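Let me begin by presenting the structure, written as structure tokens, before commenting on it.
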Amino acid sequence: DVDLNKVDYDVDVLIIGGGGAGASAAIEADNNGAKAMIVTKLRAGDANTMMAEGGIQAADKPNDSPAIHYVDAFGGGHFAAKPELLYKLVNEAPDAIKWLSDLGVEFDKAPDGTMITTHGGGTSRKRMHAAKDYSGAEIMRTLRDEVLNRGIPVVDFTSAVELILDENGKCAGAVLMNMETRELLVARAKTVILATGGAGRLHYQGFPTSNHYGATADGLILGYRVGAKLLYADTLQYHPTGAAYPEQIFGALVTEKVRSLGAKLVNANGEVFMHPLETRDVSAASIIRECTARGNGVHTADGIGVWLDTPMIELKGGEGTIEARIPAMMRMFGKYGIDIRKEPILVYPTLHYQNGGIDIEDNGETTLVKNLFVAGEAVGGIHGRNRLMGNSLLDIIVFGRNAGKYASERAKTVNVGKLTLDHVAAFEKECEEAGIHSDKLSPQILPDYRRKDM
């Protein structure tokens, strides 16, 4: 039903996804003189970047170094990260902080102007830079404003439903669908950047999620169908502390910064059962085990959880610490009559991050499909099999900028061949030969929360 000869958009760099990685890529592509365009199925900024709270890592203090950051992240990821990707992440981190600060991100600072840094789970140095406990929102606000101020086109409420190759097997655009009219559109591009984010709204294993409404793994589906390799697609991160009560915010993220400021995890017997800043996989597993195998969870009307002793923060840091450092947490629970300065909160792991994704080279290009670049949560291999706090906001900046630079440079030498969707039929044939049959829409685009007949 798609006429590939009728081209609706013709650009140098097509960026699929309007979050932090997509915006960073667009800015750098624009810096390089490329005609870039963002297409996003919701609005620019509707992304997991907005949901990030705790901060962004960078080894930019005298007692720290990119080498120490590398060791922390490599060990935290079970030594499974692609070394060249992690090397780029940690070495370009200080410049990423400076770039964001120069754009206008208001990081927390001491009276002398020095950026305040804190610990995260699995870190051996205080290298977490933050903007209160809405770091992602502050970064996304700044990046979105920069994109709009530059006049970079943003096509919103339009989803990519299929990538387009040219006759030479190189990525050459995408089939887009207007989410309101269902009209199919053709975007031709010299290079394509997938920045589609995570997968939390697929609710793996029935877990609640901290992810935004559009996190349905679209990029992995689109990339895989054109022949891109997936790496560690089985590895998902469950954030140790999602809200377990009240039910109105069930699964909402309770930032790790709460624990870095001094709150402890406490079971139903009043016992602190683990170190509060273990890596996220260890912390989440410990909470689940405490609630199940050990039977020490706190039961609610809708589930189970453990206490997060938030009043300890003010006992350690003094009155006013919570309002100054984690005001969004105070407001989120305060709406439901819970004053986290005076009473603890109930938490349980929530589906948070897609560790795996599409395999890329260190220039951001996929290993098997030319002219297809990937950035952000859709990438696999940066963090290995587990991610440390603060390295996701970092990777969207480092690898978003990286993809924008290299994709726009590549576009200068690309001549797009005849557009084709032959890979779709080839993929369907492979599935049939493998005995795989499914009626599920793919990519799913949005979660299905309609009431079902039981």
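Kindly indicate whether any position in the stretch 18-39 is surrounded by fewer than 24 Cβ atoms within 10 Å (Cβ to Cβ), in contact with a strand residue (DSSP E or B) (Cβ under 8 Å, 6 or more places away or on another chain), in a loop (DSSP other than H, G, I, E, B) and not hydrophobic (A, V, I, L, M, F, W, C). Yes, there is a match, as at least one residue in the stretch 18-39 is surrounded by fewer than 24 Cβ atoms within 10 Å (Cβ to Cβ), in contact with a strand residue (DSSP E or B) (Cβ under 8 Å, 6 or more places away or on another chain), in a loop (DSSP other than H, G, I, E, B) and not hydrophobic (A, V, I, L, M, F, W, C). Of everything in the stretch 277-315 that is of a type in the set (D, E, K, R) and over 24 Å from F74 (Cα atoms), the residue that is farthest from the chain's Cα centre (by Cα) is R294.
Listed here are the residues, each with its yes/no results for (1) assigned to a helix (DSSP H, G or I); (2) buried (at least 23 other Cβ atoms within 10 Å of the Cβ).
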| position | (1), (2) |
| --- | --- |
| I358 | no, yes |
| V369 | no, no |
| M389 | no, yes |
| S392 | yes, yes |
| D395 | yes, yes |
| N402 | yes, yes |
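Looking at the stretch 204-221, can you tell me whether even one residue there is touching a residue at least 60 places away in the same chain (Cβ under 8 Å), under 14 Å from N355 (Cβ atoms) and either surrounded by fewer than 21 Cβ atoms within 10 Å (Cβ to Cβ) or charged (D, E, K, R) (or both)? Yes, the stretch 204-221 has at least one match. Within the stretch 180-226, being of a type in the set (K, R) and farther than 26 Å from P153 by Cα holds for R201, R225. Only a single item in (1) free of Cβ contacts under 8 Å to residues at least 12 places away in the same chain; (2) within 25 Å of the chain's Cα centre (by Cα) is not met by L346, and it is number (1). Checked against (1) under 20 Å from the mean Cα position of the chain (by Cα); (2) over 30 Å from R410 (Cα atoms), T49 passes all but a single condition, namely (2). Can you pull out the residues in the stretch 72-89 that are assigned to a helix (DSSP H, G or I) and either more than 16 Å from M389 (Cβ to Cβ) or touching an Asp or Glu at 6+ places or on another chain (Cβ under 9 Å) (or both)? Residues satisfying the conditions are G76, P83, E84, L85, Y87, K88, L89.
Checking G227, G337 one by one, the residue that is assigned by the TED database to the domain that holds M51, farther than 30 Å from I116 by Cα and in a loop (DSSP other than H, G, I, E, B) is G227 and no other. The set of residues in the stretch 349-381 that are of a type in the set (V, I, T) and over 12 Å from the mean Cα position of the chain (by Cα) comprises T350, I358, I360, T366, T367, V369, V374. Residues that are touching a Leu at 6+ places or on another chain (Cβ under 6 Å) and over 18 Å from V374 (Cβ atoms) within the stretch 187-200 comprise just one, G200. Filtered by the rule that a residue be of a type in the set (S, T, Y) and modelled with pLDDT under 95, the stretch 212-234 gives a lone residue, Y213.
The values are calculated or read from the model by the stated rules, or taken from the named source; none is laboratory data. It should be emphasised that the depicted structure is a prediction, and the values quoted were computed from it without experimental measurement. Please note: Cβ atoms are built from the backbone with ideal geometry, for glycine as well, and neighbour counts cover all protein chains shown.
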